[in-house]
Amino acid sequence: MRTPEPAVTAAPLSPSTAAGSAGGFHPTPHEFGVGARFTLAVMADDFAEVILDALRQADASGLDVATGVVSTYVSGAEQDVMRYLSQALSAAGRSGAHVSASVHLSRGCPGGVTCAIPAGGAALHSEVPVLESTGVHCVADWALYPLADAGTDGGSADHMRDIYAAIDHARSTGITVTPDHYVTRLEGDLGLVLETIAAGWVLAGRSVQHVTTHATLSINSPSAA
């Protein structure tokens, strides 16, 4: 366990990634810009202690973690990133307070992270993270963004193809999946909901270089039906 220092640098990674679509392209997750940003909001008088304790309880092994005034940045292999998120969010949820979490996942480097992507772009094959059941029930509004200006390996870019495929996969997991305005609503155990979100992100990332996904998760909501 680690306290949320301004920056935590982990030991070298053992990435669970295979070769990308371009020959000789073997980046680590850090080099490919794999990571997350998340913000916890806790509706309780002791919100600061709940948030800080949740960050302390999450296992940061294999990760770079930096907590700022707005959000916490996490970088590393997809499995490690999602493990950290699941542990932090479930720890906050077990406080009994109403918790809202904004989670943003990104892979493929554009933006503040500079990567040496081969000419024409490249996708990265990664395994879908597998998370343990948490015993914490949550509801999430989820959106996926395959940011492809052109297809890889001569294919055509089709962002809706990848989004619909991710939604179809979500329906196969056993959680409740409901379409809503601008988002897809996911409901079930927090671990499985996060695993489903990560699956859409990773599977789209096998054919699209830059993929982001965003989810707003609610735990212990007083407005739950």
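The values are calculated or read from the model by the stated rules, or taken from the named source; none is laboratory data. Keep in mind the model is a prediction, meaning the values are calculated, not measured. In this analysis, Cβ positions are derived from the backbone assuming ideal geometry, glycine residues included, and neighbour counts consider all displayed protein chains.
Among the conditions (1) within 22 Å of T216 (Cα to Cα); (2) at pLDDT below 95; (3) of a type outside the set (D, E, K, R); (4) touching a Phe, Trp or Tyr at 6+ places or on another chain (Cβ under 7 Å), the only one that A19 does not satisfy is (1).
Within the span defined as segment 71-87, every residue fails to be under 24 Å from H125 (Cβ atoms), in a loop (DSSP other than H, G, I, E, B) and of a type in the set (F, W, Y).
You will find that of A54, A41, A60, the residue that is modelled with pLDDT of 85 or more and assigned to a loop (DSSP other than H, G, I, E, B) is A60 and no other. When the strands (runs of 3 or more DSSP E) confined to segment 107-225 are screened for residues that are at pLDDT 95 or above, among the charged types (D, E, K, R) and over 25 Å from T28 (Cβ atoms), those reaching at least 2 such residues are found at 183-189. For segment 170-202, the set of residues classified as over 24 Å from Y84 (Cβ atoms) and among the aromatic types (F, W, Y) consists of Y182 only.
Look at segment 160-188: where a residue is free of Cβ contacts under 8 Å to residues at least 40 places away in the same chain and of a type in the set (F, W, Y) and a partner is surrounded by fewer than 17 Cβ atoms within 10 Å (Cβ to Cβ) and not in a helix (DSSP H, G or I), sitting 6+ places away or on another chain with Cβ atoms under 8 Å, you get Y182/A143.
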